[in-house]
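Inspection log for the structure reproduced underneath, given as structure tokens.
The values are calculated or read from the model by the stated rules, or taken from the named source; none is laboratory data. On a predicted model such as this, the values are computed, not experimentally measured, just so you know. In this analysis, Cβ positions are derived from the backbone assuming ideal geometry, glycine residues included, and neighbour counts consider all displayed protein chains.
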Amino acid sequence: MVLFLLLVLVAVVLGIIGVAAEGLGYLLLIGIVLLAADVAIAYARWSRRADRRPIR
């Protein structure tokens with residue numbers, strides 16, 4: 001969970017720097033890609049965890 005939050009924080013910081021600094025738009029793209037990858041990994045982990053619950 002700490003890794004997830006750290007990656008989200010890094011993605012947000014890169015996005016802010018990419019928007020604020022002229023000519024560093026690639027940082028914004030890296031931040032967006034990093035955030036999308038982080039959300040995909042978190043979804044995969046949570047969906048795998050949901051499959052382990054017993055059916056009542």
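Numbers below:
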{"quantity": "Residue in region 17-30 that is loosely packed, with under 11 Cβ neighbours inside 10 Å, out of contact with any Ser or Thr (no Cβ under 6 Å at 6 or more places or on another chain) and at pLDDT 85 or above present", "calculated": "yes"}
{"quantity": "Close pairs (7 angstrom Cβ cut-off, 6 or more residues apart or separate chains): closer than 20 Å to V2 by Cα in region 15-44, aromatic (F, W, Y) anywhere", "calculated": "D38/F4; A42/F4"}
{"quantity": "Matching residues, region 3-16, being within 26 Å of W46 (Cα to Cα) and at pLDDT 80 or above", "calculated": "L5, L6, L7, V8, L9, V10, A11, V12, V13, L14, G15"}
